[in-house]
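The values are calculated or read from the model by the stated rules, or taken from the named source; none is laboratory data. Quick caveat: nothing in here was measured; it's all calculated off a predicted structure. Here the Cβ positions follow ideal geometry from the backbone for every residue, glycine too, while neighbour counts run over all protein chains shown. Surface accessibility is based on the protein's heavy atoms, side chains included, excluding ligands, DNA and RNA. Shrake-Rupley method; radii C 1.70, N 1.55, O 1.52, S 1.80 Å.
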Amino acid sequence: MLTIHTADELRVSWDADPLKDGAVAVEGDRVAGTGPLDVLLARFPGARVRSWPGVLGPALVHEGPLPDAPSPRERVHAVLKSGATAVMAQYADTPDLRAAASRNEVAVLRGARKPEITDTGRADLAVFDADGTCLATVCAGRLVHRRR
């Protein structure tokens, strides 16, 4: 099923100019399109729409040690709650952490990369409110964190 994620603003990269009422169409684990919400609604009639307050943009790369938590699964979940869907390989340094990352489709990177939303790219998205709190994280097309 195709889902359109929309927010007050869309940023296809964190240094790009914001697009008011922008949206990202997600099909499976891929981005099917980006642009103004009305354009995506016309392009994908019948799509499910998730509206978020705040700024929608690319999910982050967690570049440091994973947060402390009782289990590898909870350490990976803490990363997802921060708006990140990728970690650096040097910090996913045990079989248990790599397995937890893999089960959650968190990317394990050998080098840093610039987070951006691209057509047909992996659907890794995050929504942040005005104070920088992560409200939602989409990892490989799946909503994996939503702040209530």
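Cβ-Cβ contacts under 7 Å between residues 6 or more apart (or on different chains), taken from a first residue in the range 51-79 that is part of a loop (DSSP other than H, G, I, E, B) to a second residue that is open to solvent by 40 Å² or more (accessible area, probe 1.4 Å) and not aliphatic (A, V, I, L, M), are listed as G64/Y91; P65/Y91; L66/R75; L66/Y91; P67/R75; A69/R75. Scanning the range 13-38 for residues that are surrounded by 15 or more Cβ atoms within 10 Å (Cβ to Cβ) and part of a helix (DSSP H, G or I) yields one hit, L37.
For the range 85-106, which positions are over 12 Å from H62 (Cβ atoms) and open to solvent by 20 Å² or more (accessible area, probe 1.4 Å)? Correct list: D93, T94, P95, D96, R98, A99, S102, R103, N104, E105.
Selection of the range 116-132 for residues being open to solvent by 30 Å² or more (accessible area, probe 1.4 Å), of a type outside the set (V, I, T) and assigned to a loop (DSSP other than H, G, I, E, B) yields D119, D129, A130, D131, G132.
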